[in-house]
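In what follows, a structure is listed as structure tokens, so that the remarks can point back to it.
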Amino acid sequence: MAEPEFDATGVGISRMLRSLTRAGHVLVRDGELVLMTSYGSEIDSAPVEEVRISGYGLRDQALATLGGRSYLLRLGLRHREGLLAAVRTARAKAAAERGVLGR
């Protein structure tokens, strides 16, 4: 298993109006975004190509859509920008490995 491109703990994760965890774990590794509880159980995961991250209008939060399921991530401003950058980088790496870039 490769070193994660992004790793944040203490993240609040909600789905609709339901809080799933107050101190979750968000990882971007091996071309996949993984949401986990504070106990390490996986909430959801998806390849970065199927992930949409929106931070528009949200100061320290991000709206993550994984395979059609939306989650509100309360990350903090510094981690939000890091997550956005990590997803962009992971997408570019995955595209490069498939040979999509550079043509």
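The values are calculated or read from the model by the stated rules, or taken from the named source; none is laboratory data. Predicted, not measured: the structure shown is a model, and the values here were computed from it. Cβ atoms come from the backbone with ideal geometry, glycine included; neighbour counts cover every protein chain shown. Please note that ligands, DNA and RNA were not included when accessible areas were found on the heavy atoms of the full protein model with its side chains. Shrake-Rupley method; radii C 1.70, N 1.55, O 1.52, S 1.80 Å.
Points to keep in mind about this one:
- A single entry from 20, 27 fulfils the requirement of being hydrophobic (A, V, I, L, M, F, W, C), in a strand (DSSP E or B), without any contact (Cβ under 8 Å) to a residue 60 or more places away in the chain and open to solvent by 30 Å² or more (accessible area, probe 1.4 Å): 20.
- Of 38, 70, 54, all but one fail to be at pLDDT 95 or above and of a type in the set (Gly, Ala, Ser); the exception is 70.
Here is a yes/no grid of residues against (1) in contact with a helix residue (DSSP H, G or I) (Cβ under 9 Å, 6 or more places away or on another chain); (2) surrounded by fewer than 13 Cβ atoms within 10 Å (Cβ to Cβ); (3) of a type outside the set (Gly, Ala, Ser); (4) within 14 Å of residue 27 (Cβ to Cβ):
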{"site": "55", "(1), (2), (3), (4)": "yes, no, no, no"}
{"site": "59", "(1), (2), (3), (4)": "yes, yes, yes, no"}
{"site": "67", "(1), (2), (3), (4)": "yes, yes, no, no"}
{"site": "76", "(1), (2), (3), (4)": "no, no, no, no"}
{"site": "79", "(1), (2), (3), (4)": "no, no, yes, yes"}
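- Extreme residue, nearest to residue 84 (Cα to Cα), among residues of the range 8-17 that are open to solvent by 80 Å² or more (accessible area, probe 1.4 Å) and part of a strand (DSSP E or B): 9
- Search result, residues across the range 49-64 that are farther than 16 Å from residue 18 by Cβ and part of a strand (DSSP E or B): 51, 52, 53, 54, 62
- Failed item, numbered, when residue 38 is tested on (1) over 13 Å from the mean Cα position of the chain (by Cα); (2) assigned to a strand (DSSP E or B); (3) not basic (Lys, Arg): (2)
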